[in-house]
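Peer 1: Please read through the structure below; I'll follow up with questions.
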Amino acid sequence: MDDVSKAIIEQLQEDGRRPYAAIGAAVGLSEAAVRQRVQRLIGSGMVQIVAVTDPVQVGFSRQAMIGVRAEGNLDPIVKQLCDMDEVDYVVVTAGSLDILAEVVCGDDEELLHLLNERIRTIEGVRSTESFVYLKLAKQTYTWGTR
């Protein structure tokens, strides 16, 4: 990835709806050249342009980070977590927890069902630890490309 592609990504991180002409003016390319580069970035999976919401404001009253302690191969556990609609973020970690999964649920009942009936029943899951979100204080994706 060259410096121009990085500059395009930074422009999109500031405003994912910024017109290609405006991005082109900022990075020194034509509108068509920016369009082609953005399509290549999206096609390669390096960039994804989406609307980011505050889950509470769109009707989901419970968010939580679920820490998973596991045994054996983590890949099948990670795959099953990734396949769950309620799970929006999964990382494999080093330390006392093996996996972290962020979940968005309609209410506490749905979170409890997700934990008891779906996550804790996955083969290889030894235990879970839940961190319930009380308030979203910051959510940003503008870290640039450094």
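Here is a yes/no grid of residues against (1) of a type in the set (Ser, Thr, Tyr); (2) within 22 Å of residue 130 (Cα to Cα):
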position	(1), (2)
30	yes, no
58	no, no
66	no, yes
107	no, yes
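Peer 1: Find the residue count for region 28-40, including only residues that are touching a residue at least 24 places away in the same chain (Cβ under 8 Å) and either outside the structural domain of residue 14 (by TED's automatic domain parsing) or in contact with a Gly (Cβ under 8 Å, 6 or more places away or on another chain) (or both). Reasoning before the result, please.
Peer 2: Going residue by residue through region 28-40, those that are touching a residue at least 24 places away in the same chain (Cβ under 8 Å) are 28-29, 34, 37-38.
Keeping just the survivors that are either outside the structural domain of residue 14 (by TED's automatic domain parsing) or in contact with a Gly (Cβ under 8 Å, 6 or more places away or on another chain) (or both) gives 34.
Residues flagged as touching a residue at least 24 places away in the same chain (Cβ under 8 Å) and either outside the structural domain of residue 14 (by TED's automatic domain parsing) or in contact with a Gly (Cβ under 8 Å, 6 or more places away or on another chain) (or both) within region 28-40 amount to 1.
Peer 1: On the given criteria, is residue 78 surrounded by 12 or more Cβ atoms within 10 Å (Cβ to Cβ), in contact with an Asp or Glu (Cβ under 8 Å, 6 or more places away or on another chain) and farther than 20 Å from residue 141 by Cβ?
Peer 2: Working: surrounded by 12 or more Cβ atoms within 10 Å (Cβ to Cβ): yes; in contact with an Asp or Glu (Cβ under 8 Å, 6 or more places away or on another chain): no; farther than 20 Å from residue 141 by Cβ: yes.
Taking the combined requirement at face value, the residue does not satisfy it.
Peer 1: Can you tell me which residues in region 101-146 are of a type in the set (A, V, I, L, M, F, W, C), touching a strand residue (DSSP E or B) at 6+ places or on another chain (Cβ under 8 Å) and more than 20 Å from residue 61 (Cα to Cα)? Reasoning before the result, please.
Peer 2: Step one: filter region 101-146 for residues of a type in the set (A, V, I, L, M, F, W, C), giving 101, 103-105, 111-112, 114-115, 119, 122, 125, 131-132, 134, 136-137, 143.
Next, only the ones that are touching a strand residue (DSSP E or B) at 6+ places or on another chain (Cβ under 8 Å) stay: 101, 103-105, 111, 114-115, 119, 125, 131-132, 136.
Within region 101-146, 125 is the sole residue that qualifies.
Peer 1: Filter region 121-137 down to residues that are part of a loop (DSSP other than H, G, I, E, B) and of a type in the set (Gly, Ala, Ser) and give me whichever is surrounded by the fewest Cβ atoms within 10 Å (Cβ to Cβ). Let's see the steps before the verdict.
Peer 2: If we filter region 121-137 for residues that are part of a loop (DSSP other than H, G, I, E, B), which is where we start, we get 121-124, 133-137.
Pick out the ones that are also of a type in the set (Gly, Ala, Ser) and you get 124, 137.
Details: 124: 16, 137: 6.
So the residue we want is 137.
Peer 1: A further question on this structure: Scan 89, 141, 133 and give me the residue that is of a type in the set (Ser, Thr, Tyr), without any contact (Cβ under 8 Å) to a residue 40 or more places away in the chain and under 21 Å from residue 54 (Cβ atoms).
Peer 2: Result of the check over 89, 141, 133: 89.
Peer 1: Scan region 57-84 residue by residue and report those that are modelled with pLDDT of 95 or more, more than 11 Å from residue 125 (Cα to Cα) and in a loop (DSSP other than H, G, I, E, B).
Peer 2: Passing the criteria: 83, 84.
Peer 1: Shifting gears a bit: Among (1) under 18 Å from the mean Cα position of the chain (by Cα); (2) assigned to a strand (DSSP E or B); (3) of a type outside the set (A, V, I, L, M), which single condition is residue 140 missing?
Peer 2: (2)
The values are calculated or read from the model by the stated rules, or taken from the named source; none is laboratory data. Computed from a predicted model, the values in this text were never measured in an experiment. Heads up, the Cβs are rebuilt from the backbone with ideal geometry, glycines too, and the neighbour counts pull from every protein chain shown.
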